Each structure stands twice: as structure tokens, then as C-alpha cells.
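The values are calculated or read from the model by the stated rules, or taken from the named source; none is laboratory data. Predicted model only: the values in this text are computed from it and were never measured. Cβ placement follows ideal geometry from the backbone for every residue including glycine, while neighbour counts extend to all protein chains displayed. Only protein heavy atoms, including side chains, enter the accessible area calculation; ligands, DNA and RNA are left aside. Shrake-Rupley method; radii C 1.70, N 1.55, O 1.52, S 1.80 Å.
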Amino acid sequence: MKSIQSRCGTHQRGRLSLVVAGTVALAALTACGGGGGSAAEKPKENPIKAGQVPDHYPAEYTDLIEEAEKEGGTLTIYSNTSEENWAPVFRDFRKKYGFVKKISANDLDSDEVFQKVLSEQATGTSPVDLAVSNAASAWATFAARPGTLAPYESPELSKLPEFAKLLPNVYAMSMDPQLIAYNTTLMEAPKGIHDLAEKVAEDPKKFSDKITVRDPESSFGFTVTRAYTEALPTAWDDFAKLLPETRPETSSGTQMEKILAGEYMAGFFISGGPAFPVVEDSDGLVDVLYPEEGTVVLPRGVGLAADAPHPATAKLFIDFLLSDEGQRSVAEGGLSSYRDGISGPGLHTYQELVAEVGEDKAIQVPYTEVPKAESEAWLKRFDGLVGK
């Protein structure tokens, strides 16, 4: 993958000392910024047509808008999505519908989203309108339970690829790639996971405990890592070289922080959502790439909660997310949009990934349950390689 932005050459900074990595990294970043390295170009303003909806929406959609207006302009979302990712989406949705004044969204773990919704729905007092998560298997289990989701067929579906509908009443908000990230002062860019494994095998002492992978004990980590092994027959051979020198982490944000500080040289299966903003703010200290042999793409699902207190507003929000305007907002926040026609500086898209690695190497994760025995056997094989 080409660099996200213009960056200072590594020869200008030299190799970071791992003992004082955080301090030196900050100094190097500051020096690089003052030495002519250009900042990432910011996205252009998203032109929002306030109060207007596309021509393909049904005539009665105005009734839905009027109903939403009566709900008081409030929306509550349980999600595993960061404030930074949400910011442009909320900004533009409020521009679209000026009566929306308050949007609350927490940042939970992938599985915790469903646990919280279920526990509150059991009491009959849940304030949640929408659930957003990219825990594919957990989504499949949650959506199959009666009384968890309200039915809704978005008028945007006819304009979207078939994969936009992940499950009945569950739609893809974004299609987020699972990347390799690396500290540009500590190593040269690998081409993919196989190439990274070869580099580690050539000099295991150099890379020992300096590579990070997303912990597959979590639903997110299990889903993306297993998808990679299911798609590529050579994956376990590469893992046999990589995992003994690798340290699992439970968060892509934590992985990026530690790569930026120099604690890790590189990491793999890092979600593009938290990764892209870090790259764009690092002035070239950290970069990311799509693994050339196959890049896992994890959809971020959104669904309308049963008994949502603001169902009309929630439906408007789903439709906005899937619309041309909303998909551009999604991309501006650092997630990867997938609707055709989204492009521009600072925006990341599924089409960008396909152009880089090819459609056949975009490994889309299905929203299906994995039998317990199968997942336990897979985890046992993975854990048997870590720290061997």
C-alpha cells in the first residue's frame, strides 16, 4: 500500500532507542514536522442537503421525518466505535436533520455491546436505539434471538452492493480492513504477513516481543484471525514463524500507541478505524499497509434495537449511514466506506483496498456463528504457537 501521506525519510531520524522510545518518538515527530514533512491533506467539506432525501426514497418518507421530529431530537447508540470515528457522522447527521440535538454513543468492547443491550432489554428499560459492532459471530447470535432487533428495510439497499445487508435487519456501516502497521524508524515496510514472517525467521532475536497481533481470545481478534487462516492455506506456516515472537493485545488502539512509541516494531490484524487517524497524525513515524497475500475485511454492523425509544430517528440514522452523504462521513471519521463514488483526500474506502490488492484478495468476514468445538480447537492451535 502506498503511504497515507508524504513523510520524512527514515535516514533523517535514525533508529529509535527502545529504552527511551516514547520520548525520542515525540522529539522525532516534532523535528520531522518542522523539517518540511507535509501534513496529511484533510477531507473537503461534505456537502449536506439539509432536510432533503434522495429521489428513490418513497413518498411516505416525509411521514418518518415528521415522526422523528416528534421524538425530541435524541438518539442513543451502543457501539464499539470511537468518538473520533463518530465525530463527522454525528456532525453531518445533525446538519441533515436540524431537529436532532443530542446523540449519545459509548465506546464498548465488541461483545460488550450485545451483553449490555441484552441485560437491559431483559428489564424492559433499555434506552438504546441502535447497536453498532463488528463482532461478526456475536452479531449472528444476537440477531437470531427473538426480540432483540426491530425489522427495518432501508430504502438505500437498492443502491448498495449485496454484501451491505449482513443479516436480516443488520446493515454494514463500513468495511474495515485489518492492516499491518509498522514503525518506519525501526524497520522497512513488509509486503504482507508472509513477508513479515520471513523477516522474523531470518532474525528472531531482533523481532522477539517486538511484533503484536490482535488477541484472538476476544471475539474481534478471533474473527479476523480465523478468517485469514480459513482463506489462506499457508497462513499457519507463517504463524509458526511469527507467533513465537509475538505479543497479543486486546485493542487496535493500544497496538497503534505502542508501535508509535517504539515498543513494537510492527503489528498485524490492526483495524483501519483506529489505525488511519494515528498514521495521519504521526507525520510519517507510523505507516500501514494492506497485506498483499490477502487482507481481511470486517464489516461494522448496525441494527435497530427492539423497543427503541426513538425508532423513527434511528431509522433516519441508518438510512443516512448507508447514503452517499453518510458514507462520506463514515470515511472522513477513519472507517472505510464501501459505496461507489466516495473519494477524496483523507478518505479511506473498500474500493481503495480492492485497487491495491485485488478483489480476490479482499477476505470478507461473513456474519455467521462458529460452533464452540470448532472455535476451541482453533484457539488451541493458535495458543500453541504463541511464545513457544
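Which aspartates and glutamates, on any chain, are close to Lys49 with Cα under 15 Å apart, when same-chain ones fewer than 8 places away are left out?
Asp92, Asp319, Asp324, Glu325
Ranked by accessible surface with a 1.4 Å probe, highest first, in what order do Lys159, Lys210, Lys361 come?
Greatest to least solvent exposure: Lys159, Lys361, Lys210.
Heads up, I need the accessible area for Val365: 1.4 angstrom probe, whole protein in place, Å², nearest 10.
Roll a 1.4 Å probe over it and Val365 shows about 10 Å².
So for Asp107, Asp383, what's the accessible-area order with a 1.4 Å probe, most first? List each step's numbers first, then the result.
Values: Asp107 100, Asp383 70 Å².
Final ranking, largest accessible area leading: Asp107, Asp383.
Report, in whole Å, the centroid distance computed from the Cα atoms of the range 111-140 and the range 305-342.
So the separation of the two Cα centres works out to 18 Å.
Would you kindly state how much longer the chain becomes between Lys159 and Tyr61 on full extension, computed as 0.36 nm times their sequence separation minus their alpha carbon distance, in nm to one decimal?
Working it through step by step, the gained length comes to 33.6 nm.
For the chain, what does the convex hull of the Cα positions come to per residue, in cubic angstrom? Don't skip to the end; give the middle numbers.
Values: hull volume 53.5 nm³, N = 388.
In the chain, the Cα hull volume divided by residue count equals 138 Å³.
Equivalent-ellipsoid semi-axes (√(5λ), Cα gyration tensor) for the range 130-265, whole Å, largest first?
After diagonalising the Cα gyration tensor, the semi-axes are 35, 15, 15 Å.
Would you work out if the range 86-135 is rounded, prolate or oblate? Take a ≥ b ≥ c from the square roots of the eigenvalues of the alpha-carbon gyration tensor; rounded if a/c is under 1.5, else prolate when a/b is larger than b/c, oblate otherwise.
In terms of gyration-tensor shape, oblate.
Using 0.36 nm times the number of residues separating Arg91 and Lys42, minus their current alpha carbon distance, what extension gain do you get? Present the calculation step by step, with values, prior to reporting the outcome.
On the way: separation 49, 0.36 × 49 = 17.64 nm, distance 1.60 nm.
16.0 nm is the gain from fully extending Arg91 to Lys42.
For the ranges 146-158, 346-358, what's the packing order if you count other beta-carbon atoms within 10 Å of each residue, average per peptide, and put the highest first?
The most tightly packed comes first, giving 346-358, 146-158.
Which of the lysines could be linked to Lys361 by a straight reach, that is with a Cα gap under 19 Å, when you skip same-chain ones fewer than 8 residues away?
Straight-distance partners of Lys361: Lys2, Lys191.
Can you list the HN-Hα couplings for the range 174-184, worked out from phi with the Karplus curve (6.51, -1.76, 1.60; θ = phi - 60°), rounded to whole Hz and with x for Gly and Pro?
Per residue, the Karplus-derived 3J(HN,Hα) values read 8, 10, 8, x, 9, 9, 9, 10, 8, 7, 5 Hz.
Just the accessible area per residue of the chain, please: how many Å² with a 1.4 Å probe?
For the chain, the per-residue accessible area is 42 Å².
Convex hull over the Cα atoms of the range 58-107, averaged projected area in nm²?
3.9 nm²
With the full set of protein chains in place, find how many percent of the accessible area of the chain is carbon and sulfur; take the probe as 1.4 Å.
Values: 8130 of 16290 Å².
Roughly 50 percent of what the probe reaches on the chain is carbon or sulfur.
Sorted by average packing, counted as other Cβ atoms within 10 angstrom per residue and highest first, what order do 55-62, 122-129 take?
The peptides rank, most packed first, as 122-129, 55-62.
What distance in nm separates the simple spin-label points at Asn106 and Thr254, each placed 7 Å from Cα in the Cβ direction?
According to this spin-label approximation, the distance is 1.9 nm.
Give me the lysines in straight-line cross-link reach of Lys165: C-alpha distance below 17 Å, same-chain residues under 8 apart excluded.
Cross-link targets: Lys315.
Assuming a ≥ b ≥ c are the square roots of the Cα gyration tensor eigenvalues, decide whether the range 310-388 counts as rounded (a/c under 1.5), prolate (otherwise, with a/b larger than b/c) or oblate.
oblate
In what sequence, highest mean first, do 246-254, 112-120 appear when ranked by Cβ atoms within 10 angstrom?
For the peptides 246-254, 112-120, the packing ranking is 246-254, 112-120.
Run the quick spin-label model on Ser119 and Glu69: label points 7 Å from Cα toward the beta carbon, then report their separation in nm to one decimal.
3.9 nm
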